[in-house]
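**Student:** Shown below is the structure under consideration.
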Amino acid sequence: MGYLIGGRLLTGEVTLRAVVPPRMRGGLVMNGPGTLQVDLSLPLVDPYTGVTIDLPNELVPGRDFIGWVEGDTIIEAGPIQSDPFSWPYTSTIRARGLWQYFTRRFILPVLTSGKLPRDVTSTWSGLSLGTIAKRIVQQACSWPSAALPIVYEPDLAGIHERTYPGSDMTSVANALTNLTEVEGGPEITFRPRWGADRKHIVWDLLTGSPELAQAGADHYWDTAVIGAHAKPISLERDAADLTTHDYEFGDTPSGGAQLQARASSSALTSAGFPMMESLTRRNSVLLVQTLQSYAVESSARGADHLQAFTIQVARDRHPDLGSYWPGDWAKVVIGK
């Protein structure tokens, strides 16, 4: 059975550990914040100590985090968003992965006295896109009361450059998303784990090149065998992002023309689809080469349906929950 942990977001200190009924649910995603929701009966009593936990004061939205632990693995952890109570019986705690925190942070260096966002620009060059993502997060965490317990990868040199004028007020989260969407862009995740003292948690900022590394061979589920511990649930195809011609609009330099780029693919029209167009505005993009990379990637992704295949698996059967993550590869056998 999974259990709940909670504590201070700023330090990662774990102040609460409580076994809870299986009313904990959530979702993990790549390149974005996961979700956590825990439904609790009140009063909450720790089954090991018999102590009643003062939940409203112990865990505060915005200040604190909750995490979901299976076995010894922290599946997801991040800032509490809300905690509606229904007296006298229940509480629901809703949280998102650490990525969510950075929706509330902008790409700005620490502003000294008298400085405004329009007075500063953040530029990184000669680096991999993953290292630029790291730099963006590190700068955000260099502000007072912002040094979150994040563990960073070593730098990787590269050929990429990104410039973010302070006046654009680009959020850190949006910048990370944009880096994942460029042609050859890296997968990015904040993965929680126990700190060395096991009284704190940390988040590893992991970036792929472009995919994240997977430990071991591809995972395997067979839904066709007798006694299978996995079963297919649904398959959905979505045409919302199909495109044959993608246009990207960027910054408008002072006194110049707006940066624009386009790319196309004949994969759909060759298969009998009608022409379709898409447009994305990226006002923070200052280089036409970067804009072109977005167009190429968008036209490539838009050449096929987004297909979401859902299977339900037993979390305590091999491969166990906590041994696989979003972005991993798996082989799934579906019975006839």
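The values are calculated or read from the model by the stated rules, or taken from the named source; none is laboratory data. Predicted model, so just to flag it, every value in this text is computed and none were measured. Keep in mind that these areas ignore ligands, DNA and RNA; they rest on the heavy atoms of the full protein, side chains included. Shrake-Rupley method; radii C 1.70, N 1.55, O 1.52, S 1.80 Å.
**Student:** Keeping all protein chains in place, calculate the accessible area per residue for region 76-150 (probe 1.4 angstrom), answer in Å².
**Tutor:** Per residue, region 76-150 has an accessible area of 47 Å².
**Student:** Any idea of the accessible area per residue across region 1-70, 1.4 Å probe, to the nearest Å²?
**Tutor:** Ligands and nucleic acids excluded, the result is 45 Å² per residue.
**Student:** Something else: Carbon and sulfur: what percent of region 119-251's accessible surface (1.4 Å probe)?
**Tutor:** Details: 3290 of 6360 Å².
In region 119-251, the share of accessible area belonging to carbon and sulfur is 52 percent.
**Student:** From the gyration tensor of the Cα coordinates in region 276-336, what semi-axes in whole Å does the equivalent ellipsoid have, largest first, with each one equal to sqrt(5λ)? Write down the numbers at each step before the final one.
**Tutor:** Numbers: eigenvalues 275, 54, 17 Å².
Equivalent ellipsoid of region 276-336: 37, 16, 9 Å, largest first.
**Student:** Further, regarding this structure: Roughly how many percent of the accessible protein surface of region 1-117 is carbon and sulfur, given a 1.4 Å probe and a whole-percent answer?
**Tutor:** 56 percent
**Student:** Antiparallel DSSP bridges in region 238-336: what percent, to the nearest 5?
**Tutor:** Around 55 percent antiparallel, to the nearest 5.
**Student:** Once you have the Cα-Cα distance between PHE85 and ARG237, take 0.36 nm times their residue separation minus that, and quote the gain in nm to one decimal.
**Tutor:** Between PHE85 and ARG237, full extension yields 50.9 nm more.
**Student:** Per 0.36 nm of contour for each residue apart, how much would the distance between HIS219 and THR73 grow if the chain were fully extended, relative to their Cα-Cα spacing?
**Tutor:** Length gained, HIS219 through THR73: 50.8 nm.
**Student:** Another question, then. Let me have the 222 nm mean residue ellipticity of the chain computed from DSSP H runs of 4+ only, each contributing -39500 (n - 2.57), with the sum over all residues rounded to the nearest 500.
**Tutor:** The helix-only estimate for the chain comes to -3500 deg cm²/dmol at 222 nm.
**Student:** Okay, moving on. Give the relative contact order (percent, whole number) for the chain; include only Cα pairs under 8 Å separated by 6+ residues.
**Tutor:** The normalised contact order for the chain reaches 15 percent.
**Student:** Provide, in order from the shortest bin, the percent of all Cα-Cα pairs of region 32-77 in each 10 Å bin, continuing until the bin that contains the maximum pair distance.
**Tutor:** 20, 49, 29, 2
**Student:** Ratio of Rg to Rh for region 164-235, alpha carbon only, Kirkwood? Working shown, then result.
**Tutor:** Details: Rg = 18.8 Å, Rh = 16.3 Å.
That ratio equals 1.15.
**Student:** Give me log10 I(q)/I(0) at q = 0.09, 0.12, 0.13, 0.18 Å⁻¹ for region 30-168, Debye formula, one equal scatterer per alpha-carbon, no solvent.
**Tutor:** -0.41, -0.66, -0.74, -1.09
**Student:** Moving to a separate point now. Taking Rg and Dmax of the Cα atoms in Å as the quantity of interest, determine which of (i) 18.4, 52; (ii) 22.5, 71; (iii) 19.3, 66 was computed from the displayed structure.
**Tutor:** Entry (ii).
**Student:** Can I ask one more? Compute the Rg/Rh shape ratio of region 189-336: radius of gyration over Kirkwood radius, all on alpha-carbon atoms.
**Tutor:** Across region 189-336, the Cα-based Rg/Rh ratio is 1.10.
**Student:** Just to confirm, what accessible area per residue do you get for region 208-306 at 1.4 Å probe, in whole Å²?
**Tutor:** For region 208-306, the per-residue accessible area is 61 Å².
**Student:** Quick one: of the DSSP bridges fully inside the chain, what percent are antiparallel, nearest 5? Could you put the intermediate results ahead of the total?
**Tutor:** Working: 63 of 74 bridges.
Restricted to the chain, the bridges split so that about 85 percent are antiparallel.
**Student:** Still on this structure: Where both partners of a DSSP beta bridge lie in region 179-294, what percent of those bridges are antiparallel, to the nearest 5?
**Tutor:** Values: 12 of 17 bridges.
Among the beta bridges of region 179-294, antiparallel pairing accounts for roughly 70 percent.
**Student:** Using alpha carbon coordinates only, what is the Rg to Rh ratio of region 83-232, with Rh defined as the Kirkwood radius?
**Tutor:** Rg/Rh for region 83-232 comes to 1.09.
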